[in-house]
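A short worksheet on the structure shown next.
The values are calculated or read from the model by the stated rules, or taken from the named source; none is laboratory data. Here the structure is a predicted model, which means the values were calculated and not measured. Methodologically, a virtual Cβ is constructed for each residue, glycine included, from the backbone with ideal geometry; neighbour enumeration extends over all protein chains shown.
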Amino acid sequence: MKALTCFFCSFLFVFISLTASYGQVVAPAKQAVSTIGKDTTKVTTDTSKNHLRDTQGRDTVIMKDQDGLETVVTIVANDSSWNQVSKNILHLYKGAKVKYQDFELSADYIRLDRNTNELFASGVLDHNGKYIGRPVVLFPNDTPKSVDSLLYDYKKKEGNTYGIMTEVDGGFIQAKILRKNLYDEMSLYHGMYSTCNLPFPHTHFGLQISKGVVTKNQIIAGPSYLVVENIPLKFIAIPFGFFPKTNKRSSGFLFPSFGEDASRGFALRDIGWYLAFNDYWDSELRGSFYSKGSWETNIRTNYLVNYKYSGGFNIRYASTKVGIEGTPNYGANKDFNVTWNHTQRQEANPGTSFSASVNFGTGSYFQNTGFNQTNSIQDVVRNNMSSSIAYGRVFADGKVNFTSSLSHRQDISTGQVDLELPSFSLNVSTFNPFDSKNRVGEQKWYQRITVGYSLQGRNSISAGDSVLFTKEALSKFTNGFQHNIPISLNLNAFKYFQFNTSVNYTERWYLQSIRKGLTNEVGGFVEVKDTVQGFRRAYDYSLSTGLSTKIYGSYPKMGKIEAIRHIVTPSINLNYRPDFSDPRYGFYKDYINKDGISQKYSVFEGGIYGGPSAGKSMGIGFSVDNNIEAKVRTKNDTTGKGFKKIPLIQGLTFSGNYNFMADSLKLSTISFSGRTSLFNQKINLNFNGTFDPYVVNSEGVRIDKFAIKEGSLARLTNFGLSFDYSLNPNANKSRNNNIDSLRNQMPNMTQEQAQALARISTDPNAFVDFNIPWNLNGSFSMNYSKRWDSNVKQMKNDITATVNINGDVNLTPKWKVQFNSGYDLKQQALSLTRFSIYRDLHCWDMSVGWVPFGQYKSYNITIRAKSSILQDLKLTKRESHYVY
């Protein structure tokens, strides 16, 4: 129904303009006809029948329009023109063109019969028998339209158009014959509506209309049926139709995809109905049904107000059958998922922002519904869901920034839900309080002092998803405020050093604190923790002074390597923080635990911003950063100036701290990290780890004894390594060039086309690109750690490693195979593996998705129409949940 409506609406728009413009080629007024009779083309008189002299060039005729105003009609024939005086007929050949005001008609043959008041235009057959030079009509403010031929009675304002094809709103219309009468009513014969921009018989799919009448407000259609690969499916037909005609988007049927799921049976997926409410919002209602009783439903809504905001939400519900029918464990899992996204345009309300990204539901939704056309691989393997609704505003010429948000985080594996209702922050940009606005010259040292301020507030709760909204859980909200004032000074010292010093003050406000104690019960003493209501403030401060510099070094030439540059950035800082567990602060208290030992605890334990830490700290922090790059002569260079820089090691950093005030274990662990690129930056490698300078005793506890005394510099306690690679790094570059080229070729694209291009640019992985013959990407991640095994009384190594690979290859220019898989080396098992086969049908897509094994074993077959933008780019959408 949607296709029918689009088809008839498109015809109405195109041919009202078409025939109206034909009426302008030769004016209907009698004065105009007599004027044309006075042809100024020079023709030699010949008494031989039908042997008149051919002439070339341009002719102009002065005509009067219906308002009595004179206008110029230009007539051009590149080959020849023939004024058949005896029959009062004018013939134009080869590159013939008639221009009247803003209307143009060109063809390889145009005939004007003044006796019958008919204008005829057509192409011609060349020496190979090919039909060339079809008529092309250009209307004011419109694109050229090509037809096979046309015949028009300019006096009656009626005529037939033969073999026309044009694009309207992303669809393409072809018609064998179309006739328009004096009352702006159109009759069509053998018309076809399709999404293909190539003419019949290329069209793979289309809706054939045998006969139809189009009026201003309604459409009456005769028998209509579907045509697939030139095969008429007349059993899928309607005998007649009567439809109102509107100039807006129409609701219609959403065709499903078909497949099979290993646990749920044969599937009819995503059948539904599209609802077009108005130009600002629309909806999709979809459902999926399985032969073993499971079903899913969802409603997806998108909204858009130009220059103000846009967004959409999706509500999904699923009932999944589990167990064996007739057994006690047979039943159904009920799951739901809700997503909402909203973006406000910056120009809608300068200085303020509002955005939303919401994703919540039952933790088992994606696991139970599996991988299909609605759920992506990322959805299936995710282990958490999060949401955020944020509002922001800028004050005082951008110097003060306020943000507030409502957020949630849900751990799918444990069912734990964290809510913040709400959180906010107020930040003041750093400023120089001792600097003068009227200062002349460089700043004095004290004028370089900067001060900042920030305020945060949170109200949060953490509970299981099954008890989240119970009265007991809601009574456990925790809240607090935190103020932070940083004061810093940066100076250049001794020419080569950067000196910095800072004082940081933090104060926290709470509406509750805790007290610990013991209670005597039947089974003995039990530790209890009571919450004491009332306002309490907790503050701390710290001081830090540091010095840093850069050291540049180089290594001599080695073979093709012209030079190697090494940049070392060492830094050292002295930091101090007092012991806030001292009784004079009142932040810590003592209690006797159940073992009879006196213990110290913070009354702000469990506070949302924590509390001041115990123990005095005064130490030296240090770090060393290294960057090494090589300068290599380029291949085939003959000028001696062709060099390229290759990064060898980037950001190789070691850092740690030494605390003078600690009674033992004064040296902290030494952390390191770095990155590099290999094979012409095709592989990006990252690594990180931690060294422990101390040894452990027989119980696995660190003791105050350096590892170097036992023959090793330090103990490697954990190490992580990851890299990703692309064997065809130019693939994305090729796609971007393709998009840029199309954008330049279509400067007057519609809003829908522009939005489609933006979607492709921001999310290229959502599309299959037939312009790229092959692509192979992969990643590897490994993590090593040491832990104490109490069973065997020794340190034990834990190693996890995973490999992921994805890519695609063109078997032919129109067949592509895409794959995605991975392997867990520790579990010795393959991760979620999927193969997809895509067939480019130009105006339609066919795809087959196959998960060969595992929990989500299934296959799916999809056939769908393709938008004109994707046809021109030779792209295919991977998933049906990307909406256009």
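Search segment 718-742 for residues being assigned to a strand (DSSP E or B) and modelled with pLDDT under 85, and hand back the single one that is surrounded by the fewest Cβ atoms within 10 Å (Cβ to Cβ).
Filtering first and then ranking leaves 724.
Among the residues of segment 433-450, the one identified as within 46 Å of the chain's Cα centre (by Cα) and assigned to a helix (DSSP H, G or I) is 448.
Somewhere in segment 407-428, is a residue over 38 Å from the mean Cα position of the chain (by Cα) and surrounded by 15 or more Cβ atoms within 10 Å (Cβ to Cβ)? Within segment 407-428, not a single residue is over 38 Å from the mean Cα position of the chain (by Cα) and surrounded by 15 or more Cβ atoms within 10 Å (Cβ to Cβ). Listed by first and then second residue, the pairs linking a residue in segment 533-557 that is on the phi < 0 side of the Ramachandran plot to a residue that is surrounded by fewer than 15 Cβ atoms within 10 Å (Cβ to Cβ) and outside any strand (DSSP E or B), with Cβ atoms under 6 Å apart and 6 or more places separating them unless they lie on different chains, are 549/496. Looking across segment 541-568, just one residue is of a type in the set (Gly, Ala, Ser) and more than 45 Å from the chain's Cα centre (by Cα), and that is 559. Among 615, 586, which is the only one that is without any contact (Cβ under 8 Å) to a residue 24 or more places away in the chain, at positive phi and of a type outside the set (Asp, Glu)? Selected residue: 586, the only one of 615, 586 that is without any contact (Cβ under 8 Å) to a residue 24 or more places away in the chain, at positive phi and of a type outside the set (Asp, Glu).
Please work out if residue 438 is free of Cβ contacts under 8 Å to residues at least 24 places away in the same chain and not β-branched (Val, Ile, Thr). Spelling it out, residue 438 is indeed free of Cβ contacts under 8 Å to residues at least 24 places away in the same chain and not β-branched (Val, Ile, Thr). Residues considered: 645, 631, 666, 616. Of these, the only one that is of a type in the set (Lys, Arg), under 30 Å from residue 532 (Cβ atoms) and in contact with a strand residue (DSSP E or B) (Cβ under 8 Å, 6 or more places away or on another chain) is 616. In summary, strands (runs of 3 or more DSSP E) completely within segment 49-146 and bearing 2 or more residues that are under 18 Å from residue 163 (Cα atoms), modelled with pLDDT of 85 or more and in the same structural domain as residue 172 (by TED's automatic domain parsing) occur at 103-113, 118-122.
Scanning segment 674-717 for residues that are charged (D, E, K, R) and surrounded by 15 or more Cβ atoms within 10 Å (Cβ to Cβ) yields 675, 692, 702, 705, 715.
So in segment 445-503, with the set limited to residues that are without any contact (Cβ under 8 Å) to a residue 40 or more places away in the chain and charged (D, E, K, R), which one is nearest to residue 513 (Cα to Cα)? Restricting to residues being without any contact (Cβ under 8 Å) to a residue 40 or more places away in the chain and charged (D, E, K, R), the top hit is 476. Conditions first: (1) closer than 30 Å to residue 655 by Cβ; (2) surrounded by 15 or more Cβ atoms within 10 Å (Cβ to Cβ). Residue 582 passes all but one, so which condition is the exception? Only one criterion is unmet by residue 582, namely (2).
Regarding residue 464, is this residue farther than 17 Å from residue 360 by Cα and more than 31 Å from the chain's Cα centre (by Cα)? Criteria not met by residue 464. In segment 171-185 there is no residue matching the filter, namely being surrounded by fewer than 21 Cβ atoms within 10 Å (Cβ to Cβ), assigned to a strand (DSSP E or B), out of contact with any strand residue (DSSP E or B) (no Cβ under 6 Å at 6 or more places or on another chain) and modelled with pLDDT of 85 or more. Of the set (1) closer than 29 Å to residue 856 by Cα; (2) in contact (Cβ under 8 Å) with a residue 60 or more places away in the chain, all apply to residue 294 but (2). Counting only strands (runs of 3 or more DSSP E) wholly contained in segment 770-842, the ones carrying 3 or more residues that are surrounded by fewer than 15 Cβ atoms within 10 Å (Cβ to Cβ) and not β-branched (Val, Ile, Thr) occupy 774-789, 794-812.
Criterion applied to 588, 609, 601 was being under 30 Å from residue 517 (Cβ atoms), out of contact with any Gly (no Cβ under 9 Å at 6 or more places or on another chain) and among the aromatic types (Phe, Trp, Tyr), and the one residue passing it is 601. Among residues that are out of contact with any Cys (no Cβ under 7 Å at 6 or more places or on another chain) and either in the same structural domain as residue 539 (by TED's automatic domain parsing) or at pLDDT 85 or above (or both), residue 451 is included. Residue-level analysis places residue 571 outside the set of residues that are within 45 Å of the chain's Cα centre (by Cα) and at pLDDT below 90. Among the residues examined, residue 494 does not qualify as aromatic (Phe, Trp, Tyr) and touching a strand residue (DSSP E or B) at 6+ places or on another chain (Cβ under 6 Å).
As a summary of the residue check, residue 861 satisfies the conditions (1) at pLDDT 75 or above; (2) among the hydrophobic types (A, V, I, L, M, F, W, C); (3) out of contact with any Phe, Trp or Tyr (no Cβ under 9 Å at 6 or more places or on another chain); (4) closer than 30 Å to residue 303 by Cα except for the one numbered (3). Evaluation of residue 589 against the conditions (1) within 30 Å of residue 523 (Cβ to Cβ); (2) in contact with an Asp or Glu (Cβ under 9 Å, 6 or more places away or on another chain) shows that the sole unmet condition is (2). For segment 270-378, the strands (runs of 3 or more DSSP E) that sit wholly inside it and include 1 or more residues that are among the β-branched types (Val, Ile, Thr) and not assigned by TED's automatic domain parsing to the domain that holds residue 849 are 295-305, 309-322, 331-344, 352-361. What number of residues in segment 208-257 are touching a Pro at 6+ places or on another chain (Cβ under 9 Å), at pLDDT below 80 and assigned to a loop (DSSP other than H, G, I, E, B)? So the answer is 2.
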